Amino acid sequence: METMIGKTRLVLLRGDITRQSVDAIVNAANSTLLGGGGVDGAIHRAGGPKILEECKQIVARQRGCVTGDAVITGGGNLSAKFVIHAVGPFWSGGDRGEDGLLASAYRSSLRLAAAHRATSIAFPSISTGAYRFPVERAAGVALRAVRAFLRAESHTLLEVRFVLFGEADLAAYETALAALSPA
Ligand code: APR
């Protein structure tokens, strides 16, 4: 499923984010930036040790990455030029600012992509795995955040992909995209 937001194509697809041929792949990281399971594990496995080395240099400079923020490294062995490590919120019931922090993780990632003049970016469904954020709610937050950025901020993005691992996740994002108000 896809749609246009201005000059940018927004695409929803099912697949493995480590196999996407885009300028920037977004990692669902944690604040330590030192790897983990899920997407984090897959990207570090496929991208090789160089990515972790760069993450360690960032940690040495700025300690870690706060929730809602993101950092950027090279793509290592991946076909992508960059990996953007975004830290989404852990779901704590929905009244601890989780929606805002999730939107911020997407916005921070897009700002880094724009600063590095990326023309394409692939997101996983941030926070909806180990961090237990309900995927239906996360999908709406993510799509609204991406649309708001594309409309309001300067960028060079011609394609934004959401790469969903499971059929149910893809369906949740397709439902959310279809429900996105035209406003
Ligand atoms: N490609 C695309 N999506 C994937 C892949 C993959 N290779 N592997 C997993 N996913 C999906 C999961 O199915 C889920 O829908 O990515 C989504 C995010 O799940 P997690 O990777 O668990 O990320 P998150 O929920 O944000 O939790 C982050 O988990 O791996 C650790 O270090 C990470 O502590 C951090 C936490």
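Read the figures in this text as sums done on the coordinates, not as results from a lab. It should be emphasised that the depicted structure is a prediction, and the values quoted were computed from it without experimental measurement. Note that each Cβ is placed from the backbone with ideal geometry, even for glycine, and that neighbours are counted across all protein chains shown.
With the simple model of a label 7 Å out from the Cα in the direction of the Cβ, Arg132 to Ala115 spans 3.3 nm.
Roughly what % of DSSP beta bridges within the chain run antiparallel, to the nearest 5? Walk me through the numbers on the way to the answer.
Details: 9 of 27 bridges.
In the chain, approximately 35 percent of DSSP beta bridges are antiparallel ones.
Using a cutoff of 8 angstrom between alpha carbon atoms and counting only pairs six or more residues apart, the relative contact order for region 113-179 works out to 50 percent.
Where does each of Tyr106, Tyr131 land when they are ranked from fewest to most other beta-carbon atoms within 10 angstrom?
Working: Tyr106 25, Tyr131 20.
Going from least to most buried by this count: Tyr131, Tyr106.
When a/c reaches 1.5 or more, the comparison of a/b and b/c decides; with that in mind, is region 2-81 rounded, prolate or oblate per its Cα gyration tensor? Here region 2-81 falls in the prolate category. When only Cα pairs below 8 angstrom with a gap of at least 6 residues are kept, region 33-177 shows a relative contact order of 20 percent.
Between Leu34 and Leu13, the modelled labels are 3.5 nm apart [label points 7 Å from Cα along Cα→Cβ]. Over all alpha-carbon pairs in region 52-151, figure out the percentage whose distance exceeds 15 Å. The proportion of pairs with Cα distances above 15 Å equals 62 percent. Taking 7 Å steps out from each Cα toward its Cβ at Arg63 and Ala168 produces label points 3.7 nm apart.
If Rh is defined by the Kirkwood formula over all Cα pairs and Rg also comes from Cα, what ratio Rg/Rh do you get for region 54-109? Let's see the in-between values first.
Details: Rg = 12.9 Å, Rh = 12.2 Å.
Result for region 54-109 is an Rg/Rh of 1.06.
Pairs of Cα atoms in the chain fall into 10 Å distance bins, from 0 up to the last occupied one, in shares of 10, 42, 38, 9, 0 percent.
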